[in-house]
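Have a look at the structure below before the remarks.
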Amino acid sequence: MDRPNPDNILKMVKDEDSHRGKIKIFFGAVAGVGKTYAMLESARLRKKEGIDIVVGHIETHKRVDTESLLEGLEILPSMIIKYKNVTLHEFDIDAAIKRNPKIILVDELAHTNAPGLRHTKRWQDIEELLEKGINVYTTLNVQHCESVNDIVSQITGITVRETVPDTFIERSNDIELVDLPSEELLKRLKEGKIYLGEQKEHAAENFFQPGNLIALRQLALRYTAHNVDSKLQAYKEAHSIKKIWNVSDKFLVCISSSPTAIRLIRAGKRIASNLKVDWIVAYVEIPAFLKEEDKKRISDMMRLAETLGAETATLSGQDVAETLISYARSKNITKIIIGKPLRPRWKEFFFGSVIDNFARKSDEIDLYLLSGDRQHDEIIKSTSMKISPFSWKNFGFTIGIIFLCTIINKLLLSSLALVNLILIYFSGVTCVAFRYGRRMSIIASFLSVLFFDFFFVPPYFSFAVTDVEYFITFIVMLIVGFTIAHLTGQLKRQTIAMRLREDRTQALYSISRDLSKSSYPDELFKIALNHIQNFFKCRAVIYIPDINNNLTANFGEIKELNLSANDYTVVEWVYEHKKNAGKNTDTLPGWSKGMYLPFTGVEKTVGVLGIFPEDDKFKDPDQLHMLEMFVNQTALAVEGAELARAAIDAKSNIENERFKNLLLTTFSYELQDPLTSISDVAAELSKPENINDESKRNMLIKKMQYEINILNKNVNELPNIIDTRNKPNL
């Protein structure tokens with residue numbers, strides 16, 4: 001029985017019950033599509049419904065139609081701020097919180113606030129309003145979304161500085177797309193309904209080009225569709241809705257370890273390009289059942305799919321069709337592409353057909369079958385004929401186990417019925433299947449029938465059978481033996497796969513736990529190096545950049561590895577290009593003794609890992625993927641520690657500067673009086689009548705010495721106070 005995801009249900013309950021306000025974004029491609037107009041129209045409707053709604057801040061850009069919609073709405077006064085001889089009108093967040101309306105309108109979500117205000121960005125003001133339980137209507141253009149900022153720059157040639165994090169947008173409760181054709185936008189621009197004067201001419205020459213408008217419009221439509229699709233998936237999962245809602249075209253390409261699967265990926269790319277839709281490449285993993293060349297082929301195909309723009313997913317499950325269809329339902333996928341079967345019909349008769357399973361279980365999901373290339377078919381035929389070497393050692397153990405079962409049966413013959421003796425043989429078949437695999441278990445099934453016939457079925461010590469009923473017994477023994485062999489082999493594969501997943505999970509948990517215990521980059525690198533060497537059983541070194549951005553091996557036994565200059569060249573290449581290189585990779589494989597991976601965080605590369613296995617273990621995609629997860633976790637931890645340290649230092653420097661300025665300001669008043677007195681005394685001494693009057697001159701000199709002593713005392717105390725302030729709290 002399918003059950004909803006508990007995390008999604010909990011999130012949904014929190015969203016519904018929380019005091020947090022709701023936000024509605026009026027979303028558009030560019031300025032002038034009518035976002036503010038649509039927001040004000042919606043506000044007037046809410047006002048007629050009796051809802052307490054106010055205007056917090058609106059940019060009308062002197063558009064008459066927009067300004068007319070403000071009539072009848074309560075408008076909060078703006079903050080007037082003088083900045084560089086310019087008068088700025090900013091949103092007053094404190095007045096909005098004090099007014100505490102049901103809904104407030106705040107235009108231009110991506111706006112940067114004037115210096116000196118509480119928040120740097122307007123979306124941060126809105127976040128505070130939402131935390132206070134106030135609902136917000138706001139506007140946003142697609143070029144201000146952080147994730148598409150570089151795409152907008154490529155399209156228009158203009159870098160947009162004001163952006164909003166996508167995490168904030170994704171938390172919005174509603175996004176209403178406000179759209180206009182590019183021809184209508186250009187017409188509105190010429191009529192002065194978007195910009196006026198020089199601003200209109202500048203926009204027409206730069207941003208408001210026909211090609212730019214078409215591209216931005218498509219980008220806005222796709223961004224909105226993606227946001228709505230994410231909310232749809234969350235809703236279906238939270239409400240345990242498994243039925244596909246065919247509201248968008250998204251398809252799943254299912255691959256296997258067959259060489260023909262690469263053709264499915266290429267076909268999927270062509271279909272996705274033609275239909276302009278998203279696509280996913282998925283594979284059902286059974287680790288213990290795959291050969292090394294199959295694992296390598298799957299890894300290469302997954303990387304190819306990612307380079308072609310597909311999302312990839314590696315799933316776990318014994319029933320391939322059931323696993324893939326469940327995944328498709330969770331992603332609301334309407335189409336599945338699978339390859340035509342190449343296995344012989346007799347195998348499908350005995351072991352079932354994956355295609356038939358797909359057809360029976362897919363229901364409303366559409367299935368598409370694609371064939372492989374002829375040359376790939378020949379590869380399949382040639383590889384399928386290759387049988388793994390026969391193990392005479394395992395064969396000897398198999399005979400020994402069945403012979404041991406025969407001895408036990410001989411000893412128990414007098415006290416047990418023949419049916420019970422068969423169970424002893426079944427135990428032997430199970431033992432062989434679990435230890436030596438399916439092939440030996442099938443041999444053990446045949447041997448158990450022969451030994452049972454030879455020793456326990458009259459006439460004894462002969463393979464002749466006088467009673468026909470024993471033939472039925474032999475057939476049942478073979479069928480049960482084959483079934484035990486199959487189920488035991490399947491259980492063994494599941495056990496191995498589970499153990500592998502448990503080992504990986506435990507290793508990742510351990511490194512995550514230890515990385516969370518420190519906030520110093522050097523300690524984090526030491527922790528990571530220790531975990532990597534212990535888990536992968538090989539030597540490793542870590543290079544980190546110094547102040548001059550030169551890489552040095554600060555962690556690991558670098559001297560014992562005797563690395564050449566070529567290794568350092570590979571390290572520099574990895575650090576610069578943020579890609580794996582060296583041994584067992586496709587980049588500079590013959591240049592170095594080890595394989596090098598970059599510690600790449602969100603913002604930068606914090607170092608390079610060099611690992612030196614004694615064998616080719618990292619040709620196994622699973623091992624390489626695990627190593628990359630170790631590296632990624634370390635990179636994020638180190639980068640986070642560096643950012644936190646930089647933030648603390650910056651805050652400390654700001655506080656120290658503020659304190660020094662405060663001290664200097666304070667002491668300037670303390671120093672002013674002594675300096676004034678000294679200046680006055682000096683002026684008196686310079687008068688002729690005082691120079692000749694010895695008593696008065698001595699009095700003035702003593703007064704000057706007194707004021708100088710006070711001045712000296714204040715000046716000497718100032719550094720001590722500053723030093724005390726700068727000492728760290730231990």
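The values are calculated or read from the model by the stated rules, or taken from the named source; none is laboratory data. Quantities reported herein were computed from a predicted structural model and do not represent experimental measurements. Positions of Cβ are backbone-derived with ideal geometry, glycine not excepted, and every protein chain shown enters the neighbour counts.
Brief remarks on what is shown
- Boolean, N656 is at pLDDT below 75 and surrounded by fewer than 16 Cβ atoms within 10 Å (Cβ to Cβ): yes
- Search result, residues across region 21-51 that are of a type in the set (G, A, S) and touching a residue at least 40 places away in the same chain (Cβ under 8 Å): G21, G28, A29, A31, G32, G34, A38, S42, A43
- Flag if T473 is buried (at least 17 other Cβ atoms within 10 Å of the Cβ), farther than 30 Å from E628 by Cβ and over 47 Å from the mean Cα position of the chain (by Cα): yes
- Only residues that are surrounded by 11 or more Cβ atoms within 10 Å (Cβ to Cβ) and either in a helix (DSSP H, G or I) or in contact (Cβ under 8 Å) with a residue 24 or more places away in the chain (or both) were counted across region 676-701, and they come to 17.
- For region 532-541, the candidate set comprises residues that are under 10 Å from I611 (Cβ atoms) and of a type in the set (A, V, I, L, M, F, W, C); within that set, the residue that is farthest from the chain's Cα centre (by Cα) is C538.
Residues checked against (1) touching a residue at least 40 places away in the same chain (Cβ under 8 Å); (2) at positive phi; (3) of a type outside the set (K, R); (4) not in a helix (DSSP H, G or I):
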site	(1), (2), (3), (4)
L491	yes, no, yes, no
I496	yes, no, yes, no
R504	yes, no, no, no
R513	no, no, no, no
I532	yes, no, yes, no
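- L130 being in a loop (DSSP other than H, G, I, E, B) and either on the phi > 0 side of the Ramachandran plot or touching a strand residue (DSSP E or B) at 6+ places or on another chain (Cβ under 7 Å) (or both): no
- Exactly one residue out of G34, G50 is more than 21 Å from D92 (Cα to Cα), buried (at least 18 other Cβ atoms within 10 Å of the Cβ) and not charged (D, E, K, R): that is G34.
- Residue in region 55-66 that is charged (D, E, K, R) and more than 30 Å from S182 (Cβ to Cβ) present: no
- Among the candidates Q199, Q218, Q233, residue that is modelled with pLDDT of 70 or more and either surrounded by fewer than 18 Cβ atoms within 10 Å (Cβ to Cβ) or not aromatic (F, W, Y) (or both): Q218
- Conditions (1) among the aromatic types (F, W, Y); (2) part of a helix (DSSP H, G or I); (3) exposed (fewer than 11 other Cβ atoms within 10 Å of the Cβ); number of the one not met by F463: (2)
- Residue pairs whose Cβ atoms lie under 6 Å apart, separated by 6 or more positions or on different chains, with the first residue in region 179-203 and part of a helix (DSSP H, G or I) and the second modelled with pLDDT of 60 or more and surrounded by 17 or more Cβ atoms within 10 Å (Cβ to Cβ), are S182/L213; L185/G32; L185/L213; R188/G32; R188/I194; L189/F208; A203/Y195.
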